[in-house]
Amino acid sequence: MRAIVVGSGIAGLAVALALRRVGIDVTVYERASQLTEVGAGISLWANAFRALDHIGAGAAVRAVSLPAGQCEFRVREGHKVVTSFNTASLERQLGMAPALAIVHRADLVAALAQGLPASTSRYGYECLGAETRGSRAIVRFKGGHTDEADIVVGADGIRSAVRAGRLGAAEPRYAGYTCWRGVCRRPPNLDAGYFAEWWGRGRRFGIATLTGDRVYWWATRNGPPGGRAADERAAAAAAFHGWADPVPELIASTPAEAVLRNDILDRPPQRIWAVGSVVLVGDAAHAATPNFGQGGCLAIEDAVALARHISQRGNTASALADFVAERFPRTAALVNDSRRFGWVAQWEGWFACRLRDICFGLLLPWVGTRHVLRYAAHDVGPLQHPVASV
Ligand SMILES: Cc1cc2nc3c(=O)[nH]c(=O)nc-3n(C[C@H](O)[C@H](O)[C@H](O)COP(=O)(O)OP(=O)(O)OC[C@H]3O[C@@H](n4cnc5c(N)ncnc54)[C@H](O)[C@@H]3O)c2cc1C
């Protein structure tokens with residue numbers, strides 16, 4: 001059996017690893033001219049590490065990740081600590097470590113790619129669409145190249161061309177807030193392993209330490225979609241003026257050209273990820289707002305589940321239907337939970353925020369842990385060894 005994967009992001013690479021593990025020949029087509037990722041961090045929860053272990057990439061990703069240790073939630077622009085805990089308690093409940101670790105995205109895709117032979121990936125191929133013909137699936141690329149296989153996996157992100165061919169090219173849904181991200185040197189007053197989100201009114205600031213004495217930060221602000229500034233670092237600094245230390249320092253010490261800005265988007269859950277021999281995974285299937293830090297983690301879970309269903313069923317169409325039946329409820333719940341959580345987190349009225357912050361202070365240790373565990377405690381399950389029918 002041969003598979004084509006479109007997109008060489010977290011989902012595409014994880015799918016390629018998983019499919020190869022069950023004996024399927026894989027080619028990954030990527031639009032960019034080389035393996036690439038944005039200059040930001042990503043948090044990976046225990047469920048992602050379990051899935052990575054199932055595809056043999058756990059050790060490589062652990063080697064470039066920094067486990068979170070002390071976690072803190074603050075309000076009033078970071079001036080009031082609401083709750084603080086160590087991840088050791090979560091690890092006990094999860095029965096594994098790390099409960100949460102942070103990795104630079106470039107390090108993550110490099111760690112995944114190192115498990116694939118170089119001949120697996122073809123760069124500089126922009127997919128225009130994919131369709132099923134009989135029992136085969138055909139992919140078309142810009143420039144006229146086509147390729148066909150028994151199965152095509154669309155792992156080409158939130159604006160997926162594979163998805164557009166199946167479901168139409170509808171724009172993703174704007175969540176009402178934009179997000180700056182950056183990576184800078186870790187200041188001496190910030191301990192390695194620190195992980196926090198600090199809330200204000202219509203604004204949030206997140207801090208997570210990375211390997212190599214680096215810090216990944218993210219900063220959200222309400223506003224209309226499509227806003228851009230000539231100097232995004234200056235715009236972020238103005239939006240977070242007066243916040244507790246080290247917020248101003250983290251922004252100021254990030255090179256101006258390295259500050260990223262993205263509007264926060266998702267897609268309402270739609271079950272139609274598989275048509276014939278073409279299937280969607282990761283953000284192409286279920287793009288979520290990043291409030292629970294689970295979008296990439298669920299993409300890795302998808303890879304394991306997809307490979308397991310394909311290896312268990314000789315018939316591609318029924319394997320894909322089983323895959324969607326397994327994955328849709330969990331991913332749809334995350335999309336909806338995350339959107340609701342982000343809506344509350346981005347409130348900006350003075351009274352509403354005070355009330356919210358008090359309630360969060362009282363409830364967070366219990367409700368927050370339950371919510372974290374709902375996603376992080378999941379084990380997508382092991383892969384079977386290659387089966388004869390594949
Ligand atoms: C601000 C922010 C913070 C986040 N934080 C976290 C977090 O902490 N933890 C977490 O788990 N998730 C997080 N996420 C979500 C996470 O980034 C995504 O869920 C994850 O990147 C999805 O991976 P993917 O491979 O499906 O898509 P992508 O990462 O978008 O990769 C798609 C790949 O396909 C390629 N491609 C696109 N179109 C084509 C085409 N037509 N032809 C060929 N190739 C194509 C792209 O170049 C890219 O390489 C965050 C998201 C945002 C926006």
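Worth a mention:
- Considering the range 18-41, the residues that are assigned to a loop (DSSP other than H, G, I, E, B) and of a type in the set (D, E, K, R) include one that is farthest from the ligand (Cβ to nearest atom), namely GLU37.
- From the list ARG105, ARG62, the one residue that fits, being free of Cβ contacts under 8 Å to residues at least 40 places away in the same chain, within 23 Å of the chain's Cα centre (by Cα) and closer than 24 Å to SER8 by Cα, is ARG62.
- Number of the exception - ASP357 against (1) modelled with pLDDT under 95; (2) of a type in the set (Asp, Glu); (3) within 15 Å of the chain's Cα centre (by Cα): (3)
- The single condition among (1) modelled with pLDDT under 85; (2) more than 19 Å from PHE205 (Cβ to Cβ); (3) small (Gly, Ala, Ser); (4) touching a strand residue (DSSP E or B) at 6+ places or on another chain (Cβ under 6 Å) that ALA376 does not meet is (1).
- Selected residue (only one of ALA175, ALA196, ALA192, ALA170 is at pLDDT below 95 and of a type in the set (Gly, Ala, Ser)): ALA170
- If the condition is being aliphatic (A, V, I, L, M) and under 23 Å from VAL81 (Cβ atoms), then the range 170-198 contributes LEU190, ALA192, ALA196.
- Any hit, the range 300-318, residues being crowded, with 18+ Cβ neighbours inside 10 Å, under 19 Å from ASP156 (Cβ atoms) and near the ligand (Cβ under 9 Å from one of its atoms): yes
- Some residue of the range 240-261 being closer than 23 Å to ALA170 by Cα, in contact with a Phe, Trp or Tyr (Cβ under 8 Å, 6 or more places away or on another chain), touching a residue at least 12 places away in the same chain (Cβ under 8 Å) and surrounded by 16 or more Cβ atoms within 10 Å (Cβ to Cβ): yes
- Candidate set: the range 217-269, residues that are within 21 Å of TRP343 (Cβ to Cβ) and polar (S, T, N, Q); chosen: the one farthest from the chain's Cα centre (by Cα): ASN222
- Output for the range 282-298, where each listed residue is over 10 Å from the mean Cα position of the chain (by Cα) and more than 7 Å from the ligand (Cβ to nearest atom): ALA285, HIS286, ASN291
- Any hit, the range 102-109, residues being buried (at least 20 other Cβ atoms within 10 Å of the Cβ), within 30 Å of ALA244 (Cα to Cα) and at pLDDT below 95: no
- Strands (runs of 3 or more DSSP E) wholly inside the range 42-137 containing at least 1 residues that are farther than 30 Å from ALA169 by Cβ: 65-67, 70-75, 80-86, 100-104
Per-residue answers, yes or no, for (1) in contact (Cβ under 8 Å) with a residue 40 or more places away in the chain; (2) more than 13 Å from the ligand (Cβ to nearest atom); (3) small (Gly, Ala, Ser); (4) closer than 29 Å to ALA63 by Cβ:
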{"residue": "PRO188", "(1), (2), (3), (4)": "no, yes, no, yes"}
{"residue": "GLY206", "(1), (2), (3), (4)": "no, no, yes, yes"}
{"residue": "VAL215", "(1), (2), (3), (4)": "no, yes, no, yes"}
{"residue": "GLY223", "(1), (2), (3), (4)": "yes, yes, yes, no"}
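- Top-ranked residue in the range 164-175 [being part of a helix (DSSP H, G or I) and out of contact with any Gly (no Cβ under 6 Å at 6 or more places or on another chain); ranked as nearest to ALA137 (Cα to Cα)]: ARG166
The values are calculated or read from the model by the stated rules, or taken from the named source; none is laboratory data. Source: prediction; values computed, not measured. No Cβ is skipped: glycine too gets one built from the backbone with ideal geometry, and neighbour counts run over all protein chains shown.
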